[in-house]
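Visitor: Quick one: this structure, given as structure tokens, is what I'll be asking you about.
The values are calculated or read from the model by the stated rules, or taken from the named source; none is laboratory data. This is a predicted model, so every value here is computed, not measured. Cβ sites come from the backbone with ideal geometry, for glycine too, and all protein chains shown count toward neighbours. Please note that ligands, DNA and RNA were not included when accessible areas were found on the heavy atoms of the full protein model with its side chains. Shrake-Rupley method; radii C 1.70, N 1.55, O 1.52, S 1.80 Å.
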Amino acid sequence: MSVNIAAFGNERDGPSEDSQQPSLIWSYLRRSALISEIDCSLSASHVGNPAFTEYQASVFGNVRLVVRDCPVWDMFDSDWYTSRSLIGGADIIVIKYSVNDKTSFQELKNSYVPMIKKTLNHCSVPVIFSAIGARKNGVPCTCPLCTLDRRRCVTTAEGVQLAKELGATYLELHTLNDFYIQKYFGGVLEYFMIQSLNQKSPEKMKKRKKTQKCHRVQPPQLGQPEKMPILKGEASHYDTDLHNLLCCCQCADVAFYPEDFSTVVEAHKVILCSVSHLFMLLFEVKSPTDICDTSIMQTAQSLFTVEAEAAFPLAPRGIPPCIPLLKVVVKDSTFCSCLPDILHFLYSGAFQWERLEEDIKKKVKDPEKTENVLDKVKCILKTPEKLNTTKDCRSQQMKQLYNTSLRLFFNTPVLADVIFKIQDATVPAHRAVLVARCEVMAAMFNGNYLEANSILVPVYGVSKDTFLSFLEYLYTDSCCPAGILQAMSLLICAEMYQVMRLQHICELYIITQLQSMPSRELASTSLSIVSLFKKAKFHNSDCLSTWLLHFIATNYLIFSQKPEFQDLSVEERNFVEMHRWPSNLYLKQLADYRNYIHSQKCHCTIM
């Protein structure tokens with residue numbers, strides 16, 4: 001037997017803390033007297049981004065303990081299928097957080113606890129809610145780019161209230177010493193482990209008793225249904241798409257020039273504004289009263305000058321006539337020479353700070369000028385009314401605080417240069433984002449098509465809600481369908497625009513929802529699985545159509561009684577009959593066994 005534990009959350013105060021500090025789970029495994037062997041291996045969704053750390057140990061003598069420790073909540077956003085599988089396969093769930101990291105706690109409360117609660121809706125799994133650390137009355141962080149408010153701690157009342165929402169056991173561990181780990185946390189964890197083992201043991205004993213009672217003719221064994229095809233998700237290429245947009249400079253709407261107009265660097269307003277308040281001020285997305293930060297306004301005025309429309313020696317390439325070009329003069333010659341590197345840094349999500357430092361040092365070769373350029377970059381990334389010193393910023397902090405976010409510009413007319421007309425409604429959008437994230441739209445807006453020079457673009461065959469969900473994915477790289485039918489509509493839209501990763505996400509969502517439905521709900525639902533299968537097949541969703549056909553075969557006794565079953569072709573029905581569960585062979589063996597029992601004129605204790 002085995003016990004599976006899924007642990008989520010970071011018990012450290014923040015990314016700046018020593019990464020070598022032992023975690024709660026690792027501390028328990030090393031200190032518990034019940035653990036005899038420990039094996040640690042790293043499981044990764046893709047290279048460079050570990051999804052979770054897996055520990056295997058022996059507990060209670062011969063019981064296998066499997067712990068999957070996921071310190072980063074990002075997996076719930078980027079790999080929803082894996083995170084749901086971790087929760088669904090767990091016997092015990094541990095959620096941990098630092099009492100001194102209020103921002104992470106708020107994110108846990110607002111974003112991830114509702115997702116866990118929804119996943120646990122159909123099952124009762126014990127949850128341990130662990131608050132780690134002694135509360136500090138420290139001063140605010142002095143990092144120039146830090147937006148975390150460290151002055152507030154997570155109170156006991158807040159932790160208890162959130163634990164109640166999950167029906168969890170609340171624990172406070174002031175330190176990771178022997179007392180708190182072995183006696184306090186370990187005692188609660190081992191109690192739930194014993195409960196889990198007690199629930200599994202009676203099932204095995206019942207099976208043994210059943211097989212021992214019938215000594216003569218054994219009843220036929222109903223095996224497991226045939227394994228259905230496994231659908232793997234596709235890795236995100238969101239950052240790469242935006243970076244490639246800078247390299248090709250399609251749909252660029254702003255050009256940076258030095259004071260002598262000798263060179264030009266093209267960029268996109270919407271991308272720059274999504275990273276920086278300074279560019280929002282420069283491009284009039286926000287007013288000085290909105291910014292309320294003199295350092296940002298002074299840097300914008302001293303560094304850039306927005307020029308009126310006029311003839312320039314160099315004209316940027318590939319600008320459609322309908323996109324107005326904003327010309328910006330860079331007053332600082334050293335900063336202007338480093339501008340291509342700075343733009344690559346911004347378009348990559350603004351988290352490769354060390355690489356930017358190295359590139360500027362190689363190009364400038366003057367420590368004082370290098371520091372001056374880096375200070376201006378920090379001001380570009382600065383959040384209004386936050387301290388801005390020359391202290392270096394680590395990449396992990398930059399990644400968490402300034403990862404490119406285009407959600408602010410989703411479904412808003414701000415900086416929009418194209419309007420979609422759908423069902424007598426209009427939806428504003430930005431060509432740069434569409435071209436970067438969708439190859440079909442890139443061809444549509446840059447080729448010899450009517451849409452290339454049109455502001456108003458009609459959309460047919462898609463509802464407004466579905467198209468909005470499609471655009472939301474392009475802007476944010478995430479989507480959350482409201483149900484199976486909406487996911488199928490979104491899948492059809494993704495196939496229309498050839499966005500394959502979104503199509504895979506919709507396939508995974510539909511499969512996960514159907515797998516979680518009990519047999520009684522499958523029998524009574526008005527949702528036509530055969531109709532879903534036909535749509536998936538028609539729209540070239542081979543993985544989903546194959547899985548749905550196996551799903552119909554696996555639940556043969558339910559779907560064969562529905563009228564929609566007759567809509568399957570002869571070839572499809574033959575496949576279902578061949579792979580049906582229970583199989584025809586089992587039903588024949590069961591009938592023969594019943595006849596034998598009746599012929600013996602005795603009561604069957606098993607049947």
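Visitor: I'd like the FRET efficiency for His598 and Asp567, computed as 1/(1 + (r/R0)^6) with the beta carbon distance as r and R0 of 60 Å, rounded to 0.05.
Guide: Once the sixth-power term is evaluated, E becomes 0.95.
Visitor: Also: Here are some pairs, Lys117/Lys227; Lys421/Lys537; Lys286/Lys378; Lys117/Lys562; which of them have Cα atoms lying more than 22 Å apart in this structure?
Guide: Lys117/Lys227; Lys421/Lys537; Lys117/Lys562
Visitor: Please compute, for the alpha-carbon atoms of region 427-557, the extent along each of the three principal axes and give them in descending order in Å.
Guide: Principal-axis extents of region 427-557 (Cα, largest first): 56, 22, 22 Å.
Visitor: I would also like to ask the following. Which shape class applies to region 485-579: rounded if a/c is under 1.5, otherwise prolate when a/b exceeds b/c and oblate if not, where a ≥ b ≥ c are the square roots of the Cα gyration tensor eigenvalues?
Guide: prolate
Visitor: Okay, next question. In what sequence, largest accessible area first, do Val306, Val570 appear using a 1.4 Å probe?
Guide: The ranking, largest first, comes out as Val570, Val306.
Visitor: So, one more: Give me a comma-separated list of calculated 3J(HN,Hα) values for region 544-552, in order, Karplus coefficients 6.51, -1.76, 1.60 applied at θ = phi - 60°, integers in Hz, x for any Gly or Pro.
Guide: Running phi through 6.51 cos²θ - 1.76 cosθ + 1.60 with θ = phi - 60° gives 5, 5, 5, 5, 5, 5, 5, 5, 5 Hz.
Visitor: Just grab the label-to-label distance for Glu521 and Ser463, each label 7 Å out from Cα along the Cβ direction, in nm (one decimal).
Guide: Going from the Glu521 label point to the Ser463 one covers 2.0 nm.
Visitor: Shifting gears a bit: Residue-wise, which Karplus ³J(HN,Hα) couplings in Hz belong to region 525-538, taking 6.51 cos²θ - 1.76 cosθ + 1.60, θ = phi - 60°, and x for glycine or proline?
Guide: Result, rounded to whole Hz: 5, 8, 5, 8, 5, 5, 5, 4, 4, 5, 5, 4, 5, 5.
Visitor: What whole-number distance in Å separates the alpha-carbon centres of region 401-466 and region 75-131?
Guide: Rounded to whole Å, the Cα centres lie 35 Å apart.
Visitor: Now for a different question. Per-residue counts of other Cβ atoms within 10 Å, averaged by peptide: what ranking do you get for 555-565, 468-478, highest first?
Guide: 468-478, 555-565
Visitor: If ligands, DNA and RNA are left out, what is the accessible area of Ser78 with a 1.4 Å probe, given in Å² to the nearest 10?
Guide: 70
Visitor: Okay, next question. If I take R0 = 41 Å and measure r between the Cβ atoms of Thr263 and Val414 in this structure, what FRET efficiency does the formula 1/(1 + (r/R0)^6) give, to the nearest 0.05?
Guide: That gives a FRET efficiency of 0.90.
Visitor: Assuming R0 = 22 Å, what is the FRET efficiency of Glu107 and Asp239, from their Cβ-Cβ distance, to the nearest 0.05?
Guide: Result of the calculation: an efficiency of 0.60.
Visitor: Separate question: As a test of understanding, state the convex hull volume per residue of region 492-547 from its alpha carbons, in Å³.
Guide: Per residue, the Cα convex hull of region 492-547 comes to 72 Å³.
Visitor: I would also like to ask the following. Each residue of region 165-176 in turn: what ³J(HN,Hα) in whole Hz from Karplus with 6.51, -1.76, 1.60 and θ = phi - 60°, glycine and Pro shown as x?
Guide: Per-residue couplings from phi come out as 4, 8, x, 9, 8, 9, 10, 10, 10, 5, 9, 9 Hz.
Visitor: Glu172's amide H: which non-local residues (gap 5+, or another chain) put their own amide H closer than 5 Å, with H modeled 1.01 Å from N in plane and none for Pro or chain starts?
Guide: Ala131
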